[in-house]
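Reading through the C-alpha cells given below for one structure.
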Amino acid sequence: MENTCIWPHKDYIDVNQLTPELANYLMDLAEQFRQVNNRQVKKVPTLRGRSVVLFFSEDSTRTRTSFDMAGKRLSCDTFALGKSGSSLNKGESLKDTALTLQAMNPDVIVIRHSSSGAPKFLADRLGCSIINAGDGWHGHPTQALLDLFTLRRRWNGEFKDKELLIVGDIAHSRVARSNVDLLTMMGVKVHIFGPSTLMPAGVETWPVTVHKKFKEALEGKDAIMCLRLQQERMRGGLLPDLSEYSNTFCLTPELLRLAKPGCLVMHPGPIMRGMDLSAEIADSVESTILEQVNAGVATRMALLMALCTRNGQEISE
Ligand code: ASP
C-alpha cells in the first residue's frame, strides 16, 4: 500500500481541523483499509510497534471496539482503560491520569469523556497524539468521518445538491454537531427537526434549516439521520411523555415515503427500535446502520495511520 501522508495535525479533536482535501485524503485511505477488512487476513504491518491507549470514561460499544480493531489490524498494540478500572475513581484528576499514561510512551491516546473539551485539554498538555472519541455534547468527530465515508460510497462521491435531515434530540447530540459541520463543509444541505425543547441554544447560528413539521422536513431528502434520545444527559422536564415522543418523532415507513425514493436512513447507534425509528426501517435496504459500523473500522484505521505517519513520511507495505 503506497501513501504519501498529507495529514498535518498532532491530534484530531474537532471536524473544524478538516478541509475537503484532508477529508477526502482520509476517505481514500479508508477505502483502501475497507478492502483490507474484507480479506481473510485482515491485518497489515503498517503501524507495527506503535501503542494506542483507549481511554473511555463513558460507555461505548461501537467506537471503542472499532478503535481497538482498527489498531490491531494495523499491527498496533492497544490498551483499554475505563473509568471504573482506573484511578479516576480514586479521585485522580484527568490531567494526572493522562500524564501517567503518557509516561508509558503511547503514540496515541483515544479518549471519550463526559466533559466537553476534555480531549482538547489533554492535546494541549501531552506530546502524544490525542483523538476525540466523543466529548460531552461537543463533538464526535470520528463518527462524522464514518458517516461521510458511508455517504460517499452510497452517493458515489457526489455531495453537492444532496439534502440530509437530522431528526430527534439535537440538543444533546455531539453526533449532530460534528455531522452538521463536516457535511456542510462537503457541500451537503443539512436540515434538522425535533422537539422544540430538544433544539440546541443558538441553533439560529447553525448552517442548517430548522423544520417545525416532520412531513415538510422529509420532502426531497436524500438521507435521514435518526438520533437517540440522550436521556442520560437530560435534566428533568424536557419531554412530557416518551410514547408521545415516539408517536411524533419515530421514523416509520409511511413517513419515509415522503422523502426521495431510495432515501437512506442513518443512525449512529445505539438504536431504539420503535422510538427513534421503526424496526421495519432499521432492517430495511434503505438502512445504512450496519454499513456505518463497518465504516467505523476503516475510517479509524485511516485516522490512526494519518496521525502516526504525519509530516510527509512515506509508508509502504
Ligand atoms: N454513539 C453516539 C455517541 O456516542 C450516539 C449515542 O450515544 O446516541 O454520541
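The values are calculated or read from the model by the stated rules, or taken from the named source; none is laboratory data. These numbers come from a predicted model, not from an experiment. Virtual Cβ from ideal backbone geometry, glycine too; neighbours counted across all protein chains shown.
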- Note on the structure: Of I111, I166, the only residue that is surrounded by 18 or more Cβ atoms within 10 Å (Cβ to Cβ), closer than 24 Å to L251 by Cα and within 14 Å of the ligand (Cβ to nearest atom) is I166
- Enumerate the pairs (first residue in segment 12-39 and outside any helix (DSSP H, G or I); second residue anywhere and surrounded by fewer than 18 Cβ atoms within 10 Å (Cβ to Cβ)) with beta-carbon separation below 6 Å, excluding pairs fewer than 6 apart on the same chain, so at least 6 apart or on different chains. I13/K120
- Message: Looking at segment 58-76, can you tell me whether even one residue there is assigned to a strand (DSSP E or B), away from the ligand (no atom under 13 Å from the Cβ) and either crowded, with 22+ Cβ neighbours inside 10 Å or at pLDDT 95 or above (or both)?
- Response: no
- Task: Kindly provide the set of residues from segment 114-135 that are at pLDDT 95 or above and within 13 Å of the ligand (Cβ to nearest atom), ordered by number.
- Result: S116, N132, A133, G134, D135
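With a cut-off of at least 1 residues that are among the charged types (D, E, K, R) and crowded, with 21+ Cβ neighbours inside 10 Å, name the helices (runs of 4 or more DSSP H) lying wholly within segment 208-315.
Helices (runs of 4 or more DSSP H) meeting the threshold: 289-308.
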- Query: So S87 fits all but one of (1) under 17 Å from the mean Cα position of the chain (by Cα); (2) more than 23 Å from H172 (Cβ to Cβ); (3) of a type in the set (S, T, Y); what number is the exception?
  - Reply: (1)
- Query: Of the numbered conditions (1) under 20 Å from the mean Cα position of the chain (by Cα); (2) of a type in the set (D, E, K, R); (3) within 28 Å of R153 (Cα to Cα), R39 satisfies every one except a single condition; which is it?
  - Reply: (1)
- Do any residues in segment 92-104 that are under 19 Å from D77 (Cβ atoms) have Cβ atoms under 6 Å from those of residues that are among the hydrophobic types (A, V, I, L, M, F, W, C) and part of a helix (DSSP H, G or I), where the two are at least six apart or on different chains, and which pairs are they? A98/L122
- Task: Consider only pairs whose beta carbons are under 6 Å apart and that are at least six residues apart or on different chains; among these, list those whose first residue lies in segment 212-230 and is touching a residue at least 60 places away in the same chain (Cβ under 8 Å) and whose second residue is in a loop (DSSP other than H, G, I, E, B) and basic (K, R).
- Result: D222/K162; D222/K260
- Index of the failed condition, L264 passing every other in (1) within 16 Å of the ligand (Cβ to nearest atom); (2) in contact (Cβ under 8 Å) with a residue 60 or more places away in the chain; (3) not acidic (D, E): (1)
- Note on D161: of the conditions (1) among the acidic types (D, E); (2) within 16 Å of the ligand (Cβ to nearest atom); (3) closer than 23 Å to H211 by Cβ, unmet is (2)
- Sole exception among (1) surrounded by fewer than 16 Cβ atoms within 10 Å (Cβ to Cβ); (2) modelled with pLDDT of 95 or more; (3) in a helix (DSSP H, G or I); (4) not small (G, A, S) for R177, by number: (1)
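For every residue, the table says whether it meets (1) under 18 Å from G136 (Cβ atoms); (2) within 16 Å of the ligand (Cβ to nearest atom).
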position	(1), (2)
S173	yes, yes
A176	yes, yes
D181	yes, yes
M186	no, no
V190	no, no
S196	no, no
P200	yes, yes
V203	yes, no
V210	no, no
